[in-house]
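Here the structure is laid out as structure tokens; the discussion comes afterwards.
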Amino acid sequence: MTYDAKERSLYGGSPVELYKFTSGVNIWRFTNADSDIIVGTDTYLTGWPLNRTEPELSQEAQHSELKITTYFEMPVAWLFRSGSPWQAIWVSVFRKHRDDSETVLMWQGKIKGAHFIPSKGEAEIICDPADKVLGKGGFRQTCGPQCSKQLYSARCGVSEAAYTVYGVVDSVDTTGCLITSSSFATKPNNFFKLGEFYVQAMEAKVQIVAHTGNQITLKRPINGLLAGMSCRVCAGCDHVWKRASLADGDCISKFSNGVNFLGFPFVPLKNPYEVGLEG
């Protein structure tokens, strides 16, 4: 029997659902079945309860939102325990019948957040459909005082490796945001401000909001971060040509990359439509 025939059958079907979560090079595969399901060379693991809502079929994309309920310790849900992961996580939901080889894609989208319910030990993963995500307007070049280029991108031209320092975490304070490492002191104060703190063992990236001596402050804590873990930190950029003090911005003073600066710092701040030509 075909997949369609089994779906229409009153008694001949034995449906299972497969959930594939993708974030960069990381892939997690789970199933709501009571045993592992093998599809081609991929194995979908059992062991985590996976219950989903039924997306509404309509012309409005927001009505196709999907909510997946599972244990809060499920690996994908656990990534949201201290805030949204650095990289986006895409979701594909497949459906098949146990004794049939055909697999059908039911729904596809991206996780936009997770809601934890400690009293039940549950997490609700909230996902937007792909057409809503991909239907958003693309990036446009704006005319503003800050540089619009992404630091370390090909358009920026700065080498990330040249501004990266590797080290070991010496201590983590009780808030989880203040990290100490002797490797941070190898660079002047604020060198890593607005940069990135990365722990490969945890696949965690968090923005750095302050850097003084051998300490950095993270935008949010990394749950489970411990002293002794290897880490790397990258310098950040303020994306401005001149600071309020009239000192050069990071593009010039830190990276010597003023030739690639793509901001418009000399655009007049007064709006003639608000203050008039004489304002």
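Laboratory data are not the source of any read-out in this text; all were calculated from the coordinates shown. Remember, predicted model here, so these are calculated numbers, not experimental data. So basically every Cβ, Gly included, is an ideal-geometry build from the backbone, and we count neighbours across all protein chains shown.
Where the only charges are on Cβ atoms (+1 Lys, Arg; -1 Asp, Glu), what is the dipole of the chain about its Cα centre, to the nearest 20 debye?
Numbers: 28 positive and 28 negative charges, 169 e Å.
Here the chain has a charge dipole of around 820 debye.
Taking a ≥ b ≥ c as the square roots of the eigenvalues of the Cα gyration tensor, region 142-186 is classed as oblate, since a/c reaches at least 1.5 and a/b does not exceed b/c. Among the GluC sites (Glu not before Pro) within region 196-279, those in coil by DSSP and having at most 14 neighbouring Cβ atoms inside 10 Å are Glu278.
Out of all Cα-Cα pairs in region 15-134, roughly what percent, to the nearest whole number, are more than 16 Å apart? Summing the P(r) of region 15-134 above 16 Å gives 61 percent of all pairs.
Which of the aspartates and glutamates could a cross-linker span from Lys219 if the Cα-Cα distance has to be under 16 Å and same-chain partners fewer than 8 positions apart are dropped? The reachable aspartates and glutamates, counting only those whose Cα sits under 16 Å from Lys219, are Asp173, Glu196, Asp238.
The alpha carbon radius of gyration of region 161-260, expressed as a multiple of 2.2 N^0.38 Å, is 1.10. Rg/Rh for the chain (Cα atoms only, Rh after Kirkwood) is 1.08. Taking each DSSP H run with n ≥ 4 as -39500 (n - 2.57) and averaging over every residue of the chain yields -1500 deg cm²/dmol at 222 nm. Sorted ascending by nearby beta carbons within 10 Å, beginning with the fewest, Leu262, Leu66 become Leu262, Leu66. When only the Cβ of Lys, Arg, Asp and Glu is charged (+1, +1, -1, -1), the dipole of region 15-134 relative to its Cα centre reaches about 360 debye. With contacts taken as Cα pairs under 8 Å and at least 6 residues apart, the chain reaches a relative contact order of 14 percent. Applying a DSSP loop filter and a limit of 16 other Cβ atoms within 10 Å to the GluC sites (Glu not before Pro) in region 28-128 leaves Glu56, Glu60, Glu65, Glu73, Glu102. In plain terms, if you count all Cα to Cα distances in region 229-279 and split them into 5 Å steps from zero, the share in each step is 4, 16, 19, 15, 10, 12, 10, 7, 2, 2, 1, 1, 0 percent.
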